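Just so you know, all these numbers are worked out from the coordinates, no wet-lab data involved. Remember, predicted model here, so these are calculated numbers, not experimental data. For neighbour counting, all protein chains shown are included, and Cβ atoms are generated from backbone atoms with ideal geometry for every residue, glycine included.
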Amino acid sequence: MKIRQYLELQYFLLLRLFARRPAVAPSTGSLADEFLKEYYSQGSGGGTWYDTRWLGARVLKCPFDLWVYQEILFETQPSLIVETGTFEGGGALFLASICDLIGKGKVITIDAKERSGRPAHPRITYWTGSSVDPAMVARARERAAGESVMVILDSDHRKDHVSQELAVWSPLVTEGNYLIVEDTSLNGHPVVPEHGPGPMEAVAEFVNRTTDFEVDRSREKFLISFNPRGYLRRVCGTGRSGFGRTEEEGKAS
Ligand SMILES: C[S@@+](CC[C@H](N)C(=O)[O-])C[C@H]1O[C@@H](n2cnc3c(N)ncnc32)[C@H](O)[C@@H]1O
């Protein structure tokens, strides 16, 4: 009996030894990309991606990204979150729900279009207008004074628009907080190759021209993200990149 137990033990030790072989780092290449392409194309036809809901409200974000949002919110605890692009309000409701759990945070969500049936929540304020309208940005800047601010860009995904948004909204993000650019996966990164220059191209130009933000790729740890290179962390609070300042403000500084 004892010999048998000894042999079993050796057998299991050997198994564990082999099981402990260094894991090959998961590839961020083809397998994840192929999955994302499949997931996205299912959604474009009205399937999963377009039918993801938070407490009943449609949210056009990837569930892995929503989990990452939750982690970021808990870590950084912003007092104000600005989202451009509301759609049906599911994204804003998700943010507000996490804020409820944390016990902190308000959400301003901006959309060019009014829409009925968006969820009402005491932490959410809906603003209607263009996300690059200077009056809208000025209003937000005033509201953001003294707050710890996170910004999410999720409106018009064409490169020129996202570049404009990055220019006007990045200065509101306070040090240590995140500026999240949604849907950098468009234009073949890896989905919708026919999209044309979009968020990814806008981010690439933006990060080349500023040292205030760092691309935080650790936020892509689940491998599947709609926002590759889209998690930007404000590492420097000087605002010296020139983004978001008028020509006069730039000259004055
Ligand atoms: C991708 S959806 C937003 C999804 C939403 N954030 C969510 O999590 O479910 C894009 C939204 O951006 C809005 N939009 C498009 N261009 C805009 C602009 N210039 N300013 C503000 N909103 C805009 C559209 O009306 C649409 O509702």
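With contacts taken as Cα pairs under 8 Å at a separation of at least 6 residues, segment 28-252 carries a relative contact order of 18 percent. The relative contact order of segment 49-139 comes to 25 percent, based on Cα pairs under 8 Å that sit 6 or more residues apart.
Using the average count of surrounding beta-carbon atoms within 10 Å as a protection proxy, the listed peptides 156-162, 190-196 rank, highest first, as 156-162, 190-196. DSSP beta bridges confined to segment 51-193 are antiparallel in about 10 percent of cases. Nearest 0.05, what FRET efficiency do GLU142 and TYR39 give at R0 = 45 Å with Cβ-Cβ as r? Once the sixth-power term is evaluated, E becomes 0.70.
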